[in-house]
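J.: Following this message is one structure expressed as structure tokens.
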Amino acid sequence: MFETFFLGVLQGLTEFLPVSSSGHLVLAQGLMGWRDPAVSFDVMLHLATMAATLVYFRREIVSLLTEWLQGFADGERRDTEGWRTGWAVLAGSVATVAVVLLVRPFVEKAFASPLAVGVSLLVTACVLWAGSNIRTDNRRLTVATGLWTGLAQAVAVFPGLSRSGLTIVAGLKRGLAPETAFAFSFFLSLPAIAGATLLQALDVPEGQSIFSCLPAGWCAGMAAAFITGLGALALLRRVVLKGRWKGFAVYCAVAGLVVIAVEIFRGGTGM
């Protein structure tokens with residue numbers, strides 16, 4: 001019961017805050033001696049954080065989706081924010097899938113290496129520190145920006161690299177306003193999370209349902225992921241708008257150095 005609740009809180013916080021949810025999951029399992037969570041429970045946690053994203057951005061999603069669909073019927077509606085955002089999300093999603101398929105074998109090895117997680121956390125720290133110094137131009141969202149951000153999202157599949165951190169900083173680097181970069185990062189995450197969740201659901205052992213494989217306390221874990229996810233989104237929005245990335249950069253740097261030091265002390269060198 002405690003393990004499922006703790007993993008829910010961890011998922012909700014680190015899925016959105018720029019500290020890498022996958023990296024923290026690997027480290028938590030290693031420190032506490034836990035096994036990988038059941039595939040079915042992992043699916044439920046991702047559904048909970050996806051639901052948090054949909055609830056938090058519900059008004060924006062409905063408005064942008066409506067504008068995008070209207071653009072197919074009315075050429076005059078093809079200069080709206082929704083039309084541009086829709087195509088940017090599609091372009092970014094294609095870029096994410098293409099790159100993830102290429103790096104997947106390396107990602108699987110990285111998940112088995114705490115040392116690799118430590119190094120990736122240091123990379124995340126550098127990206128976040130650089131992000132605090134970017135001056136934006138309030139440019140329009142374009143397909144090119146979608147592709148660039150999608151590539152950042154693909155690279156972030158490595159444990160220790162923050163998806164939210166890398167994608168938001170990528171948007172800022174392309175000149176997006178902080179509010180736009182923040183929102184687009186999570187619009188782009190929805191197809192990725194949905195696709196990954198579907199693939200995980202297909203990994204459930206044949207002859208069993210997702211619900212029959214769930215551990216005790218899974219409802220509490222989902223609720224914890226949803227509630228903490230909403231709080232993390234609100235906190236991250238304030239961080240992005242004020243450009244206060246350095247606190248998270250320091251946290252990731254310290255965490256990465258500690259992990260590397262511990263692994264070297266233990267004699268672990270596998271990357």
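J.: Short version: ³J(HN,Hα) in whole Hz for each residue of region 42-57, in order, from phi by Karplus 6.51 cos²θ - 1.76 cosθ + 1.60 (θ = phi - 60°), x for Gly and Pro, what are they?
T.: 4, 4, 5, 5, 5, 5, 5, 6, 5, 4, 4, 5, 4, 5, 5, 9
J.: Further, regarding this structure: Net charge within 13 Å of residue 135 by Cβ-Cβ distance, Lys/Arg positive one each and Asp/Glu negative one each, not counting residue 135 itself?
T.: +2
J.: Ok, one more. State the label only: which of (1) 6, 20, 19, 13, 14, 14, 8, 4, 2, 1, 0, 0; (2) 7, 28, 32, 22, 10, 2, 0; (3) 7, 28, 37, 21, 6, 1, 0 corresponds to P(r) over Cα pairs in 10 Å bins from 0, in percent computed from the shown model?
T.: (3)
J.: Which net charge results for the neighbourhood of residue 224, defined as the other residues with beta-carbon distances under 15 angstrom from its beta-carbon, given Lys and Arg at +1 and Asp and Glu at -1?
T.: -3
J.: What is the order of 50, 44, fewest Cβ neighbours within 10 Å to most?
T.: In increasing order of surrounding Cβ atoms, one gets 50, 44.
J.: When every alpha-carbon pair in region 84-153 is counted, what percent end up more than 20 Å apart?
T.: Everything past 20 Å amounts to 49 percent.
J.: Here's a follow-up. Does region 219-271 come out rounded, prolate or oblate, given a ≥ b ≥ c as the square roots of the eigenvalues of its C-alpha gyration tensor, rounded meaning a/c under 1.5 and, failing that, prolate meaning a/b above b/c?
T.: oblate
J.: Could I ask something else about it? Can you sort 17, 10 by how many other beta carbons sit within 10 Å, fewest first?
T.: Least crowded to most crowded, the residues run 10, 17.
J.: Pull out a ≥ b ≥ c, the square roots of the eigenvalues of the alpha-carbon gyration tensor of region 91-131, then state rounded if a/c is under 1.5, prolate if not and a/b is larger than b/c, and oblate in the remaining case.
T.: Oblate, because a/c is 1.5 or more while a/b does not exceed b/c.
J.: Here's another thing I want to ask about it. Working from Cα positions, state the angle (0 to 90°, nearest 10) between the long axis of helix 218-242 and the longest principal axis of the chain.
T.: 50 degrees
J.: Please arrange 21, 113 by how many other C-beta atoms lie within 10 Å of their C-beta, fewest to most.
T.: Arranged by neighbour count, lowest to highest, 21, 113 become 113, 21.
J.: Taking the Cβ of residue 84 as the centre, find all other residues whose Cβ is under 14 Å away and add up their charges (Lys, Arg: +1; Asp, Glu: -1).
T.: +1
J.: For the chain, take the longest principal axis of its alpha carbons; what is the angle in degrees between that and the long axis of helix 81-111, to the nearest 10 within 0 to 90?
T.: It works out to around 20 degrees.
J.: Compute the long axis of helix 246-266 from its Cα atoms, compare it with the longest principal axis of the Cα atoms of the chain, and write down the angle in degrees, 0 to 90, nearest 10.
T.: 30 degrees
Throughout, read-outs are computed from the coordinates displayed, never taken from laboratory work. Being a predicted model, the structure only gives us computed values, none of them experimental. Cβ sites come from the backbone with ideal geometry, for glycine too, and all protein chains shown count toward neighbours.
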